[in-house]
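The values are calculated or read from the model by the stated rules, or taken from the named source; none is laboratory data. Owing to the predicted nature of the structure, the values given are computational and were not obtained by experimental measurement. Every residue, glycine among them, receives a Cβ derived from its backbone with ideal geometry; neighbour counts consider all protein chains shown.
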Amino acid sequence: MHPYHPPYGRMRPPHAWPPASAYPHVPPHSMPDRKMPPPLFRDADQFMKNLRMALVGERSAIAFYRRLLDMAPNDEHRKQIEHAYEDEKKHYRMFENLYIRLTGRRPDVKPMTVTFATYEEGLKKAFYDELEAAELYRDTQLLTRNKAIRDIFYEAMTDEMEHAARFSFIYHQL
C-alpha cells in the first residue's frame, strides 16, 4: 500500500476506480431531470434594502440606548436597558458580517438620531422601535431560502420582541 493513502477497508482506493472513459459522457445541461437550485433570495433587491435598514436601525439603537442608560433612574432600569444595548451591538455585528459576505465590502452606515425630551418618552420610543424592528426582521427572513441567513434574522427578531417586553416592563414601573 502507498504510504500516503489511508487503509481503505472494502472501498477500492482511487487509483483502482474505473477511468472516466468507462462511463458514457452526458453533459450536465442535457440531463432532463437535473434542476437548478433555487435562487438565494426571493427578492434580492428588497433583501438588500432591508439589510441596509437593519444596519441603520441597529446603529441608531446603540446610540439611543446609550443615552437612555445615562438617564435610567435605578439599577433595575439600567439592567434592562443594558441587556437591549448589548444585544443591539451583537445584531449590528451579525448584520455587518452578513453584508460583508454578500457584497465584499463594509457597510457605510450613518445612524439616525432618536429625539426625545424625557426618559418616559424615550422608553415609549424604544418600545415601538423594537416592535418595528421585529416586523422588519420577520419580513426579511422570509425573503431568503438560506437557513443560515434566516437564522440571523430570526435571532434578531426574537431578541427585539424580548426588548419590547423589557421596555414595557420598566415603562410601567414609572
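Among the residues making up region 39-78, those that are surrounded by 15 or more Cβ atoms within 10 Å (Cβ to Cβ) and touching a strand residue (DSSP E or B) at 6+ places or on another chain (Cβ under 7 Å) are PHE41, PHE47. When ILE62, ILE149, ILE100 are checked against the criterion of being farther than 30 Å from PRO39 by Cβ and in a helix (DSSP H, G or I), ILE62 stands alone in meeting it. Across region 66-88, the number of residues qualifying as under 30 Å from THR144 (Cα atoms) and either in contact with a helix residue (DSSP H, G or I) (Cβ under 8 Å, 6 or more places away or on another chain) or hydroxyl-bearing (Ser, Thr, Tyr) (or both) comes to 5. Picking from residues in region 45-61 that are more than 23 Å from PHE127 (Cα to Cα) and touching a residue at least 24 places away in the same chain (Cβ under 8 Å), the one that is farthest from the chain's Cα centre (by Cα) is GLN46.
Do we have any residue at all in region 111-122 that's in a helix (DSSP H, G or I) and within 16 Å of the chain's Cα centre (by Cα)? So far as region 111-122 goes, no, none of its residues is in a helix (DSSP H, G or I) and within 16 Å of the chain's Cα centre (by Cα).
Farther than 19 Å from ARG150 by Cβ, at pLDDT below 95 and of a type in the set (Gly, Ala, Ser), is that true of SER30? When the stated conditions are applied, SER30 passes them. Here GLY104 fulfils each of the conditions (1) closer than 16 Å to ARG52 by Cβ; (2) surrounded by 15 or more Cβ atoms within 10 Å (Cβ to Cβ) apart from (2). Would you say THR140 is β-branched (Val, Ile, Thr) and over 22 Å from GLU96 (Cβ atoms)? Here the answer is no, as THR140 does not meet what is asked. When region 96-134 is filtered for residues that are among the hydrophobic types (A, V, I, L, M, F, W, C), farther than 17 Å from ALA63 by Cα and in contact (Cβ under 8 Å) with a residue 24 or more places away in the chain, the ones remaining, listed by number, are LEU98, LEU102, LEU131, ALA134.
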